[in-house]
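Below is one structure, written out as C-alpha cells; comments come after it.
The values are calculated or read from the model by the stated rules, or taken from the named source; none is laboratory data. In this text, all values refer to a predicted model and were calculated from it rather than measured experimentally. Counting neighbours? That spans all protein chains shown, and the Cβs are built from the backbone with ideal geometry, glycine included. Heavy atoms of the whole protein, side chains included, go into the accessibility calculation; ligands, DNA and RNA do not. Shrake-Rupley method; radii C 1.70, N 1.55, O 1.52, S 1.80 Å.
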Amino acid sequence: MGRYSELIDRASKQYIPLSMLFEVTHRCNLGCVHCYLPEGPWGRPKSPRSELTLDEIAGILDQLVDAGCMFITLSGGEVMVRRDFFDISEYAKKKVFFLRIFTNGIGLNEERIKRLAKIGP
C-alpha cells in the first residue's frame, strides 16, 4: 500500500475530514440558468438565510484544522462578492490549509490578482 493510500485509509478509519468544500456565500454576480443557487442578480429571490460571519467561518476553520483537515476549497456563489473574502482566504492560509478557490473571475482586477498571488502556494 502506498503512502497516499495509507493516509486515506487511516483518515477514513478515524473519521478525519481531509478535504472540505466550503460554500462561503450563496450570492453571485451572474444569473446562469443552469445554476442551483437560490439568489442571483436577475429576478431570483433573495435567500432568507444569512451568511456566516468571518468569526463564525474562522471558528469552523479552526475546528477543521483540529480535526485534521488539510484541503479547503472556498466556493459559493461567487466568493468575491463577499467584502471579507480576502480575510477568509488569508485566515485559511494562515491555518496552513492547502487552499483552492472557485471563482467566475468577474470580480478580478490587477489588485485582487496580486493579493491572491500572495495567498498562493
- [ ] Of all residues in segment 8-42, count the ones that are at pLDDT below 80, surrounded by 14 or more Cβ atoms within 10 Å (Cβ to Cβ) and aliphatic (A, V, I, L, M).
- [x] 1
Open item on the list: Suppose we keep only residues that are of a type in the set (Asp, Glu) and open to solvent by 10 Å² or more (accessible area, probe 1.4 Å) within segment 72-121. Which one would you say is nearest to Leu18 (Cα to Cα)?
Closed with: Glu90
Open item on the list: Any residue in segment 94-120 that is assigned to a loop (DSSP other than H, G, I, E, B) sitting within a Cβ distance under 6 Å of a residue that is surrounded by 11 or more Cβ atoms within 10 Å (Cβ to Cβ) and at pLDDT 90 or above? List the pairs, counting only those 6 or more apart or interchain.
Closed with: Lys95/Leu61; Lys95/Val65; Phe97/Ile72; Phe102/Ser75; Thr103/Val79; Thr103/Met80; Asn104/Glu78; Gly107/Met80
